[in-house]
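The values are calculated or read from the model by the stated rules, or taken from the named source; none is laboratory data. All values derive from a computational prediction rather than experimental measurement. Here the Cβ positions follow ideal geometry from the backbone for every residue, glycine too, while neighbour counts run over all protein chains shown. Just the protein is used for accessible areas: all its heavy atoms, side chains included, with ligands, DNA and RNA removed. Shrake-Rupley method; radii C 1.70, N 1.55, O 1.52, S 1.80 Å.
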Amino acid sequence: MAECSSQNCGETPDYKLVPHRGFNLISGIHSPEEVDKIQNWEIRDSDIFVITYPKSGTIWLQQILSLIEVKGDVTATNDQLTSERIPWIELIGSHKRFDSAPSPRIRVSHLQYKFMPLGLKNKKGKVIYVARNPKDVLVSYFHFHKYATMLETPKDFESFFENFLEGNVYGNCWFEHIKTWFSHKEEMNFLYITYEEMIKDLQSVVERISSFLGKSLTPQQVNDVVQHSTFKNMKNNPQANYKLVPCNLLNHQQGSFLRKGTIGDWKNYFTVAQNERLDKVYQQNMQDFPFSFIWDTSDLITS
Ligand code: A3P
């Protein structure tokens, strides 16, 4: 696939958020009929689903899981983009690639719990839920809306802040997404990890994921997975950095999937009032949630 330029971008379809059963799909890349069929997909014990709210590190998990499969040998992943190796289940046509795909079938999704294959809810397959603090998700998503052609470019940060809090984005309400998934964890083989833990200690998260998946990697292989999953190495890896995704989906002149890769960037964007507001909504929604988040790199030392 070619790099983006105004000559080869082709036509960009008129993407729109389309509510379907209380969840916003994106016309042109999602089909409500196909999304509804996901529930009936036959699940194998070896299937692995990574679930994220957008901008929580999906691309990072795609890279880590690709590498765990090949025991850290990055040369074995050079033949395919991670987005093709570990595709989204909600994209149009994905079911065709699911039924006949060899095991293990590793997939990612931003969908809410209610759309998922019923088999997963009977402890078949495995689910890894990756969460990221909502302030950094919001900032990352703001930038992504300027970069992704299938999402409406926000007027400004303030209007995007409102849209995010109202759940008027793809993924809908961050609080609902995480709480609903988490409340059903006992029905599934479920692993919960956070973006911030990965920033803090990627090696131990890779070890936790490997052990959850029943993969035994040597310390050297774990180290190789970690090395090839760092922000810097992923940014320079054309299989992992999404630069080869066609520019009628991602406008590569407007941004990059691997943008900043840090904790606490929200401090560069939030006003004091916005911060207080998000804190209040967070308290209201998350008081019963058993885990907390790391909000700033300075918290890494104390946590
Ligand atoms: P930022 O925009 O804050 O930089 P998703 O894949 O769910 O859309 O998430 C994208 C976010 O994860 C981006 O956040 C991106 O930089 C970050 N990310 C991806 N790979 C990373 C890595 N190896 N290390 C740190 N952050 C990473």
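Structure summary
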read-out: Residues with amide H under 5 Å from that of L250, placed H, sequence gap 5 or more; value: T149
read-out: Residues D73 and L300, FRET efficiency given R0 of 30 Å [Cβ-Cβ distance, rounded to 0.05]; value: 0.50
read-out: Approximate shape of region 39-135 as ellipsoid semi-axes (Cα gyration tensor, √5λ), whole Å, largest first; value: 20, 18, 12
read-out: Relative packing of 274-285, 188-199, 226-237, which averages over residues the other C-beta atoms within 10 Å, highest first; value: 188-199, 226-237, 274-285
read-out: Per-q log10 I(q)/I(0), the chain, q = 0.06, 0.08, 0.15 Å⁻¹ (Debye; single scatterer per alpha-carbon; no solvent); value: -0.18, -0.34, -1.36
read-out: Three semi-axes of the equivalent ellipsoid, region 124-174, Cα gyration tensor, whole Å, largest first; value: 23, 12, 10
read-out: Estimated [θ] at 222 nm from DSSP helical runs (n ≥ 4, -39500 (n - 2.57)) normalised by residues in the chain, nearest 500; value: -10000 deg cm²/dmol
read-out: Percent of C-alpha pairs per 10 Å bin, region 243-299, short to long; value: 18, 32, 28, 21, 1
read-out: Estimated vicinal HN-Hα couplings, Hz - region 110-127 in sequence order (Karplus 6.51, -1.76, 1.60; Gly, Pro = x); value: 9, 5, 6, 3, 4, 8, 7, x, 4, x, 4, 6, 10, 6, 9, x, 9, 10
read-out: Kirkwood Rh and Cα Rg combined as Rg/Rh, region 138-241; value: 1.05
read-out: Solvent-accessible surface (1.4 angstrom probe) belonging to D99, in square angstrom, nearest 10; value: 100
read-out: Sites matching GluC sites (Glu not before Pro) across region 37-125 that sit in DSSP coil, with at most 11 neighbouring C-beta atoms within 10 Å; value: E42
read-out: Exceeding the 28 Å Cα-Cα cut-off - candidates K155/K243; K185/K215; K200/K280; K55/K179; K123/K267; K124/K200; value: K123/K267; K124/K200
read-out: Considering only region 17-302, percent of DSSP beta bridges that pair antiparallel, nearest 5; value: 25
read-out: Whichever aspartates and glutamates have a C-alpha closer than 19 Å to that of K37, once near sequence neighbours (fewer than 8 apart) are set aside; value: D47, E90, D99
read-out: Under Karplus coefficients 6.51, -1.76 and 1.60, residue-wise ³J(HN,Hα) of region 191-207 in Hz, glycine/proline x; value: 10, 10, 9, 10, 4, 5, 4, 5, 5, 6, 7, 4, 4, 5, 5, 4, 5
read-out: Spatially proximal aspartates and glutamates relative to K71 (Cα-Cα < 15 Å; intrachain offsets below 8 disregarded); value: E207, D224
read-out: Solvent-accessible area, 1.4 Å probe, carbon plus sulfur percent, for region 1-148; value: 52
read-out: Per-pair calculated FRET efficiency, R0 = 35 Å: Q203 and S46 via Cβ, rounded to 0.05; value: 0.90
read-out: Built amide H within the under 5 Å cut-off of W88, gap 5+; value: V108
read-out: Cα Rg, Dmax (largest Cα-Cα span) when computed across region 86-201, Å; value: 15.8, 46
read-out: Rounded accessible area per residue of region 17-302, 1.4 Å, Å²; value: 43
